[in-house]
Each structure stands twice: as C-alpha cells, then as structure tokens.
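What follows draws every value from the coordinates through simple rules; no lab data is involved. In this text, all values refer to a predicted model and were calculated from it rather than measured experimentally. Please note: Cβ atoms are built from the backbone with ideal geometry, for glycine as well, and neighbour counts cover all protein chains shown.
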DNA sequence: AATATAAACTATAACGTGATGGTTGGAGGG
DNA sequence: CCCTCCAACCATCACGTTATAGTTTATATT
C-alpha cells in the first residue's frame, strides 16, 4: 500500500452506485439531472461518481424521509457544503456559459424582429431586469 | 350568433384537448413543457389551449410517425410557422424572463464569493460574452 | 496474441404512474 | 340567493417503464 486509499474506490458507474446504496439507477439518473449528484463523464459519456456520492445519497434519503422536496434538499445541501469553493466556482462558470448562449439566441431573435416589435419588447422588459443585467456586467468587467 | 365563431372553440383545458385528439393528458403535458405546445395560464395556473393546438398535435404525430424526434419536430415547426410574429414576440419575452431569473441567481452566487474567487471567474468569462451582454443591454434600453 | 462476437452495462427519449395538493362547477340545504 | 360540500379536474413531483442506440467486457475462435 503505497499511498493508496483502501476504501474510497473512485470511478463508480451508475450501476455500482445503485448496488451500493440500494436505490435504483433511474433515481440516480434523475438526481444527477437535477444537479443533486455530480458526476464526471467519460469520453463515451458514461457517468463516473466518487464514493462521496454514496454519503450524499444517504443524506438525501434522510431529508426526503422528513418530507423535504428534492429542490429544497438541493439548496440545503448546496449551502451546507460550503468549504469547497471549487465546486461552486465550476457551477457558476457553467451557469455563465448557459447564460451566454441564452443571450446569444435571444439577440438573434431580437435582430430578426422589426423596429416596432423591438419597441414592444423593450417596453415589456422590466426596469429591474435592466438594472440586473447592468449589475452583472459590472461584476464581470 | 353575433360575431361568434361556430367552431374555433377557444380556452381548451388539457382534458378537452386530450379527448379531441386522442392523446393522453400526460403527453400534452410533456409537449407543453418541451415548448411544442403553447398554452396560456389561468390565474389558478390551469393551461388553456386554443383550437390551433389540435392541428398542431396532428402535425406532431405525423412527423413522429416518420421517425423524427420531438426536438427536431419542435425546430421544424418553429421555423415553419414564421408568418406569425406575435408568437415569436411572446417567446422572446418568455426568454427574457428566464434570462432575468438566470442572471438573478448568478449574481447572488457571485456575491457569495470572495474577491479572489470573483477575479478567477472574471478571467474565465470570455470577452465575447461581455460584448454579447452589452449588445443585449443596448437592445433593451 | 489478435479478433470476432455475444452478454452486460450505459445514456437518452418519450411517455406512464401514483401521490399530493390546489381548483371549479354543480347539487342540495338553509 | 347564499353557503357548503363533493366529485371531477388540473398541476407538479418523483420516479417507473420501454425502446433505441452506443459502450465495455468477457468469451470463444482463429
């Protein structure tokens, strides 16, 4: 044993995780899509979980038993695990990316509109939205 | 009959639409969430479809029978129906709304970060993204 | 050992299902 | 006529299910 973890068997596939936790693959799939579980992806798009996910699942099950919905559990766990800024950072960057593509398609649609239509849209945009976007801009420049 | 449409019975609820088309409520639900079908919402959050949706569903079924997936059907139908700018407008406004909430949560996450982390994020934001957001701002102000 | 092939595993799509909780329209009672 | 109460709807959640298609691995064959 030269620097090897004994337990901590990394690279768990969905089936492994399912057997180790007793919940179905579908549920793990669902949780992963919700962002409740994080997984790396192989080149062939297979999910790889770490042993960390096992405990996470048990936490989820415990909170579910107390009547919480998955969204709330997510928020709760996201806040709880706040000694790890790296994860948050990654998530924010990802968020920023989706937002970028959102904005991109939105601008395209806008440009396809006539001037009068554009005016209508402008009027429908709440001033707070404008402020919000301005704040964002200030944050990233 | 004083200016009333004989057919064209508007304000169809999901059950009505299901009976009229022969597809299940769940499927209509699914299509609506995908954005394949548009529905207004009552104050109590009930969906209201127009008779237009009936034909739309038949179109969808026809394209499905030819092996197309729902995403492609959506794109196809979205492009096809391009004599109706009102629909586009509604969609853009909706887009704008989701974007607004996206930005909102993003700013919140940003503000929870330390200064050093913020810098890291800034550096990860592509300059083109900044330009993009600036363009958006110009469009809506 | 290299290869072909079958068996087991995986991801995603497109709904189905059951539970939960809110909504509405009409029948009956005051 | 107003109020209440119930049955029929509706929305959403949290998975379950089936089908399709790609991947990995174990096994058999050359």
Note the distances from residue B:100 to each other copy's matching label point, with points 7 Å along the Cα-to-beta-carbon direction, in nm, sorted shortest first.
2.5
What's the FRET efficiency of residue B:26 with residue B:104 using the Cβ-Cβ distance as r and R₀ = 41 Å, to the nearest 0.05?
0.85
Distances from residue A:79 to the same residue in each other copy, label points 7 Å out along Cα→Cβ, in nm, shortest first?
4.6
Compute the distance in nm between two label points, each set 7 Å from the Cα along the Cα-to-Cβ direction, one at residue A:46 and one at residue A:59.
2.7 nm
If R0 is 35 Å, what FRET efficiency do you get for residue B:141 and residue A:38 from their C-beta distance, rounded to 0.05?
0.40
